[in-house]
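Shown next, in structure tokens, is the structure this report addresses.
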Amino acid sequence: MKMQSNVVICGVGGQGVLTAGKLLSTAALSEGIQVVMSEIHGLAQRGGAVSVDVRIGNVLGPIVPDGKGDLIIAMEPLEALRVLHRSSRESVFVVNTQKIPPVSLGIAHREYPSIESLVSDLKRRRTVFTVNALELARKTGELRTASTIMVSMASALYDTGITDESFLNAIKRLFPLRYQKANIEAFDLGRKEAAAVVK
Amino acid sequence: MSEIDDMIDPKGNKILLLLGNEAIARGVIEAGVASASTYPGTPSSEVGDVLYRVARKVGMRFEYSVNEKVALEVSFAASTLGLRSFVFMKHVGLNVAADALMSISYSGVKGGLVIMSADDPSMHSSQNEQDNRLYGQLAHIPVIEPSTPQEAKDFIISAFELSERYHIPVLFRTTTRVSHERSAVKTGPVAGIRKSISFDYGKMDFNSLPSLARQHKLNLERKMREIAHDERISLNRMIEREGSWGAITSGVGYSYLTDIIEEYDLPVSVLKLGLTNPLQDNIILDFMRKYNNIIIVEELDPYLETKIRALAQLNSISVKIYGKMDGYFPTDYEYDGNVVLRGVARAMGLKIDEKAPEPAVKVTPRPPVLCPGCPHRASFFIVKRALRMLKIDDAIISSDIGCYSLGALDPFDMGDIIISMGTSVGYSSGMVPEFGKRSVTFIGDSTLFHGGLPGIVNAVKNNAQTTIIVLDNRTTAMTGQQPTPSALDPTYEDDMKEISIESTLKGIGVSKVVEADPYDLKDMLHKVTDCLKTPGVTAIIAKRECAILRDRKIRRVSKIVPYHVIPDKCTGCFRCVTDFSCPAMSIKGNKVVIDAALCDGCGVCAERFVCPYGAIEVDENAE
Ligand code: SF4
Ligand code: SF4
């Protein structure tokens, strides 16, 4: 494990980017690791491009400097490309392939680019793992567990030094009782998916 | 224990992962505050989100006031009764409250009164990035600036002690990155709330008649001189290292600076100021005598820098100061590690081998949009259509602050004017007969009460030509669905009243006032055209709950039933995506599709006004 991990979580407002960040940072704290997270609230959340930074390890500044992101968790493929400058050649990208076309495309009568082209564009530049987290989340009966799946998968593919036990503690702390089961299931699904993609 | 239980736990002594604003709320609870008030505004809103939920449990009175000025006045009232009181707002909110503040500072306070201002460098959610530390200087009151959530909590308690020791209101200033940073906070014990109420009748302590104000001013200056030398205040901190360089900093700048000093092992000692008005001169003078090169790291205006340069000059200290005034650091937008690193490296003449990050790739922009199912979308759609039908092409669109500010973007382009809370109507009251112009005014329910009513009075009085669309979504949506005066507050239902927008407007004398449901496009169109044809000030109250609120209610009992496009009926005219632009719709091949995961099931797009071919239907079989 590195002394410091800089994680950037990006997506579209409403996709659970904040929840993903809270899960990761709560787990880090439960592990006893120093963590600082920077959140987005207010108007920016309304369906726009959002990102939150989670910095794990001995650091105070809440923003990951450009080029210093180690792990990028992208809830949406276009958003993964949008934060490319925040990563380096060594960064790992974990990308949810659920596409959300910006309304500006429709207004201009344009179609969303194909997922394959977006992903291959990314793969030429970085190490990339993909998953359709929304489809997987369906299995848990709760679509909003997609963000838990992403965090689980990403933290398996890039070691942040946080154990499963701390993630499970975090799930119990963050989600109301009626959503805990679905999120624990989502966490398992994410771990399995990670094992499958590295094979 | 759940997060909320921890938040109100009287013993404390726990490590919690708190947002800066949550830490402030905890600080307010620990300080034994009896009364808190606010008008919601990003980046301050989450303080209220916590207090709203827990106030009754801890025995505190909390209210969402009609605007920031009244919020301050309510807290001031509690303070004059001897109670500890806390009022909080975003930076521009303090402009609204400033009139009262400038005299409350003179009269002083009884129970501790702390005023929080959350500034927004980079304007993430604001119309400007004013530096509110200058309000402390203007009002002659102390300014306290935390750097981290832990300090945010701890300093709130110090702020109340200071306020009560000197009977002076204290300005507690955060920025977006401090308010919206989440990190570990160790909680402390909760002080009991002091509840005994008393008022000193006839003493006129709080009266600002000129004869009294003259005396108040002298008292105020004396208090500030004493605070500058009060050694019991421990808000400033020195971190010493070997070497001849010193840095003076406050707020989040301290965090970035510390990371850089550690990463590059720089010989820089740091004086971190938590009390930034008045400056405690002696500490700064000692620091400047020790280190003859001083770097100043602060966001926005060269506030500390101006004062520190003056101090050096007054005391004939020969020291080289590096800051904004000589171009080492920017005066606009928020800082991050890179900005601070560049400034420090230039000042110290360091060659730092930084791989320049790759430039950003060009990706289709994704600005925020109105939610799927947002009632405002329907209102903008209809008003646009009505203007086209009536061939009105010279109406100035005067809009305001709220989610509906987004109506200014494609495809509605409705926002020629957006300035500040309530300016939509104030501006429209300038559409007087002499100028021969007219306007269409958009204002939300919460904004209307906040600062719109005087503008409407002025418009009626001066016979302005405008149609006002009150976007009544039953909440203060943009900042996170806080209650508004016109809708019953679900948590405090039992002791609050609902204020009718319709009778308010009628009472003022608006010539035509009609209510409409924006989801009912036909009726809405009829009423909007009718109002547009009527001279003088007319108003449509477009009443329909914010989609987020409605979703929450639906999800509790059942599921959202989405709509879908019948491919055979869709002609590919793309009128729905071009003119209505719900984010759940997109183009696939030569048809439109609706993403069931995003659709809110409002059904507005199924009306013929949006899809003339009737290709959009409810999808009963959706999973
Ligand atoms: S939060 Fe409510 S008012 Fe704001 S855009 Fe969404 S639905 Fe509309
Ligand atoms: S019903 Fe139509 S307008 Fe309403 S949310 Fe769904 S796609 Fe959007």
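You will find that of B:178, B:143, B:185, the residue that is hydrophobic (A, V, I, L, M, F, W, C) and within 20 Å of residue B:60 (Cβ to Cβ) is B:185 and no other.
Taking (1) more than 16 Å from ligand 1 (Cβ to nearest atom); (2) under 24 Å from residue A:143 (Cβ atoms); (3) touching a Lys or Arg at 6+ places or on another chain (Cβ under 9 Å) in turn, residue B:611 satisfies each apart from (2).
Quick check: anything in the range B:47-56 buried (at least 24 other Cβ atoms within 10 Å of the Cβ), over 22 Å from residue B:161 (Cα atoms) and either facing chain A (nearest Cβ under 10 Å) or β-branched (Val, Ile, Thr) (or both)? Checking the range B:47-56: at least one residue is buried (at least 24 other Cβ atoms within 10 Å of the Cβ), over 22 Å from residue B:161 (Cα atoms) and either facing chain A (nearest Cβ under 10 Å) or β-branched (Val, Ile, Thr) (or both). Determine whether residue B:254 is of a type in the set (Ser, Thr, Tyr) and touching a helix residue (DSSP H, G or I) at 6+ places or on another chain (Cβ under 8 Å). In short, no. Residues in the range B:381-403 that are within 14 Å of another protein chain (Cβ to nearest Cβ) and either modelled with pLDDT under 95 or in contact with a Pro (Cβ under 9 Å, 6 or more places away or on another chain) (or both): B:381, B:384, B:403. No other residue among B:256, B:264 is aromatic (Phe, Trp, Tyr), assigned by TED's automatic domain parsing to the domain that holds residue B:342 and more than 24 Å from residue B:121 (Cα to Cα) apart from B:264.
Residues that are among the polar types (S, T, N, Q) and touching a residue at least 40 places away in the same chain (Cβ under 8 Å): list the strands (runs of 3 or more DSSP E) wholly contained in the range B:200-277 that include at least 2 such residues.
B:275-277
Only one of the numbered conditions (1) at the interface with chain A (Cβ under 10 Å from one of its Cβ atoms); (2) crowded, with 20+ Cβ neighbours inside 10 Å is violated by residue B:3, and that is (2). Go through the range B:278-308 and count every residue that is in contact (Cβ under 8 Å) with a residue 40 or more places away in the chain, in a helix (DSSP H, G or I) and within 33 Å of the chain's Cα centre (by Cα). Final tally of qualifying residues: 4.
Screening the candidates B:541, B:554, B:560, B:548 for the property of being within 16 Å of ligand 1 (Cβ to nearest atom), in a loop (DSSP other than H, G, I, E, B) and β-branched (Val, Ile, Thr) yields one hit, B:560. Remark: pairs (first residue in the range B:570-590, on the phi > 0 side of the Ramachandran plot; second residue assigned to a strand (DSSP E or B) and not hydroxyl-bearing (Ser, Thr, Tyr); Cβ separation under 7 Å; 6+ apart in sequence or on different chains) = B:572/B:591; B:574/B:587; B:574/B:592. Can you confirm whether residue B:610 is within 14 Å of another protein chain (Cβ to nearest Cβ) and within 11 Å of ligand 2 (Cβ to nearest atom)? So residue B:610 passes the test. Could you look through the range B:362-380, keep only residues that are within 10 Å of chain A (Cβ to nearest Cβ) and near ligand 1 (Cβ under 10 Å from one of its atoms), and pick out the one that is nearest to residue B:595 (Cα to Cα)? It comes out as B:372. For first residues located in the range A:11-40 and under 16 Å from residue A:59 (Cα atoms), partners that are assigned to a loop (DSSP other than H, G, I, E, B) and not basic (Lys, Arg) and lie 6+ apart or on another chain with Cβ distances below 6 Å form the pairs A:28/A:162; A:34/A:58; A:36/A:62; A:38/A:62; A:38/A:63. Taken as a whole, the condition of being of a type outside the set (S, T, N, Q), assigned by TED's automatic domain parsing to the domain that holds residue B:529 and away from ligand 1 (no atom under 16 Å from the Cβ) applies to residue B:385.
Against the conditions (1) more than 21 Å from residue B:547 (Cα to Cα); (2) away from ligand 1 (no atom under 15 Å from the Cβ), residue B:415 satisfies every one except (2).
The values are calculated or read from the model by the stated rules, or taken from the named source; none is laboratory data. The structure displayed is predicted, hence computed values, not measured ones. Here the Cβ is made from the backbone with ideal geometry for all residues, glycine too, and neighbour counts use every protein chain on show.
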